[in-house]
Amino acid sequence: MTKAKAGASGYVRDRDREGAVILATKAGVATGSQAAAAALACAGSEVDRAGLLIDLTGGRAPRPALIATTAARELEERLAVHLPEAGIASRGQLCQLTLPPERSGLDGIAAALPTVRGAVAVVNLPPSLLQQTLDESRIGATGALLRADLADDGALTALAAGALIGHGLRVAVLKQPLGWLAARRALFGALPDGGLPPRVVERLLGDAARRF
């Protein structure tokens with residue numbers, strides 16, 4: 001068996017075990033879930049294992065960046081074989097996959113996950129798709145990241161978090177959006193430490209891989 005290795009955020013992951021699959025969404029009127037999802041994928045990336053950011057919010061697919069790690073480019077190539085019609089781009093230490101915000105998008109997630117090979121996959125999706133995603137056994141989410149403004153949507157956030165915990169997921173709430181610069185760097189896959197509060201990263205990725 002190979003030895004465990006510390007990722008960029010310092011947590012230990014066993015290379016012989018599966019990676020985490022985290023669902024990222026928003027509660028109420030909160031913004032910034034996509035950047036938060038990208039930051040979490042950055043935090044879970046390793047030198048030889050690129051994090052995967054999957055977006056189902058209906059945005060435009062990003063273009064590949066001029067600078068990307070070898071692992072990110074290799075993941076892009078594997079995804080292109082399985083999902084030739086999807087928007088795929090290697091950017092920094094990440095690979096980003098854009099899928100439609102509908103049932104076919106869930107099928108795309110299920111097709112993409114086997115290509116990740118034990119790395120972290122973060123799925124940014126609208127609240128309307130959350131329940132369907134949780135019910136999809138092929139996805140097998142391990143955690144959820146909620147971007148929520150508690151002053152406006154505290155009760156809604158508590159209900160959402162409780163429901164996710166009831167599904168057996170680890171849940172973390174990000175109470176503030178990332179700053180502009182950190183958000184831009186995260187979406188370019190160039191935020192090595194993720195830029196998220198350590199408690200959020202530790203909660204969702206700290207020993208998630210050791211569950212398997």
Can you pull out the residues in the range 63-103 that are in a helix (DSSP H, G or I), within 18 Å of the chain's Cα centre (by Cα) and of a type in the set (A, V, I, L, M)? Ala71, Ala72, Leu75, Leu79
Enumeration of residues in the range 32-55 that are surrounded by fewer than 24 Cβ atoms within 10 Å (Cβ to Cβ), part of a loop (DSSP other than H, G, I, E, B) and within 16 Å of the chain's Cα centre (by Cα): Gly32
Among the residues that make up the range 75-89, is at least one of them out of contact with any helix residue (DSSP H, G or I) (no Cβ under 8 Å at 6 or more places or on another chain), more than 23 Å from Thr25 (Cα to Cα) and buried (at least 21 other Cβ atoms within 10 Å of the Cβ)? yes
Within the range 135-158, is there a residue that is surrounded by fewer than 14 Cβ atoms within 10 Å (Cβ to Cβ), polar (S, T, N, Q), without any contact (Cβ under 8 Å) to a residue 40 or more places away in the chain and more than 19 Å from Ala20 (Cα to Cα)? no
Please work out if Leu106 is under 15 Å from the mean Cα position of the chain (by Cα) and over 27 Å from Ala190 (Cβ atoms). yes
Among the residues of the range 93-128, which ones are over 22 Å from Arg73 (Cβ atoms) and buried (at least 20 other Cβ atoms within 10 Å of the Cβ)? Gly105, Leu106, Leu125
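Here, each number is a calculation from the coordinates, and none is a lab measurement. Remember, it's a predicted structure, so these values are computed and weren't measured experimentally. Using ideal geometry, Cβ is built from the backbone for each residue, glycine included, and neighbour counts are taken over all protein chains shown.
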